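Read the structure below first, then the notes.
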Amino acid sequence: NLLITIMLQPGDKVVVEDPTFTSILNMLSARKIPHIGVPMEHDGMDMDYLERVIVRDKPKLIITIPTLHNPTGYTMSLEKRERLIQLAQRYGIPIIEDYWSIMLEYEGKRLPSLKILDTGNHVIQICSMSKSFLPGTRIAWVVLPGDIGVSFSKAKRAMDRTDSYFLQTLV
């Protein structure tokens, strides 16, 4: 929600997966931010469809859950991760990677996050241990490009100053 506040202007469009986590849709709807759904395939978003949406609708942001997608449970393939990064770089669109599942991948080889693959500083990664460790703590962190970092920090301080130092230290 805070990222949306500092990154978007009225009328800007956002791309999301279809389906996606209902809280993302609720947040966008509450803020009256138009969003365009990109159909999901067994290995992530339909990238050809995504590119057509980018060319046609000129979205200002892509929000994705590439690992253990909610609600489908799919994990985006390495090929699609690389293509998504290429599209972001080609069209200059930032990506918010919701990496809530950072501690929940139990077996098999872990695919690199979008942030790890990002050589052009287009990916903003949101992480949390709230689903895997002390769910009530609601502790999360953001990895973002430096140019957004100052604005984000100022907006966070203006929003609240009640973060629990004890819980952050515990996590």
Check your understanding: With contacts defined as alpha carbon pairs under 8 Å and 6 or more residues apart, what's the relative contact order of the chain in percent?
Key -> 18
Revision key, fill the gap. The extension gain from K32 to I148, computed as 0.36 nm times the residue separation minus the Cα-Cα distance, is 39.5 nm
Review point. Between E82 and D18, what FRET efficiency comes out of the Förster formula 1/(1 + (r/R0)^6) with R0 = 30 Å and r the beta carbon distance, rounded to 0.05?
Key: 0.90
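For L2 and L117, what is the calculated FRET efficiency with R₀ set at 35 Å and r taken between the beta-carbons, to the nearest 0.05?
0.90
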**Study point:** Among (1) 47, 30, 27; (2) 47, 42, 30; (3) 41, 35, 27, the entry that matches Cα extents along the principal axes in Å as calculated here
**Key:** (2)
Exercise for review: Would you kindly find the accessible area of S151, with a 1.4 Å probe and non-protein molecules such as ligands, DNA and RNA excluded, rounding to the nearest 10 Å²?
Suggested key: 60
Point to revise | Stretchable slack from M159 to E41, in nm (0.36 nm times residue separation minus alpha-carbon distance) | key: 38.7 nm
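How large, in percent, is the carbon and sulfur part of the accessible surface of the chain at a probe radius of 1.4 Å?
Working: 5280 of 9560 Å².
Carbon plus sulfur share of accessible area: 55 percent.
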Point to revise | Surface per residue (accessible, 1.4 Å probe) for the chain, Å² | key: 56
Study note, to complete from the structure: DSSP beta bridges in the chain: the antiparallel percent, rounded to 5, is 30
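The values are calculated or read from the model by the stated rules, or taken from the named source; none is laboratory data. Everything quoted here is computed from the prediction, not taken from an experiment. All Cβ positions, glycine included, derive from the backbone under ideal geometry; neighbour counts span all protein chains shown. Quick note on the areas: whole protein, heavy atoms, side chains included, nothing else; ligands and nucleic acids left out. Shrake-Rupley method; radii C 1.70, N 1.55, O 1.52, S 1.80 Å.
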